[in-house]
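Asker: Below are the structure tokens for one structure; questions will follow.
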Amino acid sequence: MTWEGVPIPQDPVERIRVLRVLREVYRREVKPELKPTYRRIGGRTYGPYYVAYLKRVRSKGFDLPRVFYLGKENESVSFVRWLEEQSEEFVLRLARLAVRHLRAALEKLVEEASSGDVSHKRVARVLSLAFELQPSGSTRLKKLLERAPGFARSVLGPWPAWFADRVLRKLLLHKTRDGEWVRDVLWELERWKLRHGD
């Protein structure tokens, strides 16, 4: 199976959000549902803000549902909406492929961490480039996660709703004087493709 035809986000922050959703799909073996939420502040209602909802699966030990905050209409929202339209079998195969790519990214991070300190920005960039790496032959993550840099575990763990915007965006994107965000991680993605002849 390949990523051909799959609408992978270009924004590196949205890529990490999608990777996290697919990892949870792999663990629970259920398709995510896209649900709108609203905020009421000072008598005014704001939204919709979307979440990816994965139902509880008691047979697998997941007694509570899991919710991933995605924000307003964006690439990760479009991706989860696209997943809803696919068959459950296809979504589970896609999640397995994503976990293999995540393992390849974690292997790379563990290797780099053993040779010296790895910055938060480097960790976030490698995770956002996971879809571009050659997938690992295995999907087993437990020991790799234990050995991976601490920030990698933070990125893959539960987030408060503001985490992606206030933390990951600063780590992955560079803000210019005129306030524009530059996706400098995409330069690295292009260099990787050139090195591998893609």
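The values are calculated or read from the model by the stated rules, or taken from the named source; none is laboratory data. No experiment lies behind these values; they were computed from the predicted model shown. With ideal geometry, Cβ positions are generated from the backbone for all residues, glycine too; neighbour counts draw on all protein chains shown. Calculation scope for accessible area: heavy atoms of the full protein, side chains included, ligands and nucleic acids excluded. Shrake-Rupley method; radii C 1.70, N 1.55, O 1.52, S 1.80 Å.
Asker: Only residues in the stretch 147-159 that are closer than 14 Å to S114 by Cα count as the first member; pair them with residues that are open to solvent by 10 Å² or more (accessible area, probe 1.4 Å) and in a loop (DSSP other than H, G, I, E, B), Cβ under 6 angstrom, at least 6 apart or cross-chain, and list the lot.
Answerer: P149/V118
Asker: Mind counting the residues in the stretch 20-50 that are among the aliphatic types (A, V, I, L, M) and at pLDDT below 95?
Answerer: Counting residues in the stretch 20-50 that are among the aliphatic types (A, V, I, L, M) and at pLDDT below 95 gives 1.
Asker: For R27, are the conditions met, namely being buried (at least 21 other Cβ atoms within 10 Å of the Cβ) and not hydroxyl-bearing (S, T, Y)?
Answerer: Criteria not met by R27.
Asker: Please verify whether V167 is modelled with pLDDT of 90 or more, in a helix (DSSP H, G or I) and either open to solvent by 10 Å² or more (accessible area, probe 1.4 Å) or within 28 Å of E4 (Cα to Cα) (or both), treating the condition exactly as stated.
Answerer: Taking the combined requirement at face value, the residue does not satisfy it.
Asker: Test each condition in (1) buried (at least 17 other Cβ atoms within 10 Å of the Cβ); (2) modelled with pLDDT of 95 or more for E84 and report the one that comes out false.
Answerer: Just one mismatch for E84, condition (1).
Asker: Please work out if R66 is among the basic types (K, R) and open to solvent by less than 60 Å² (accessible area, probe 1.4 Å).
Answerer: In short, yes.
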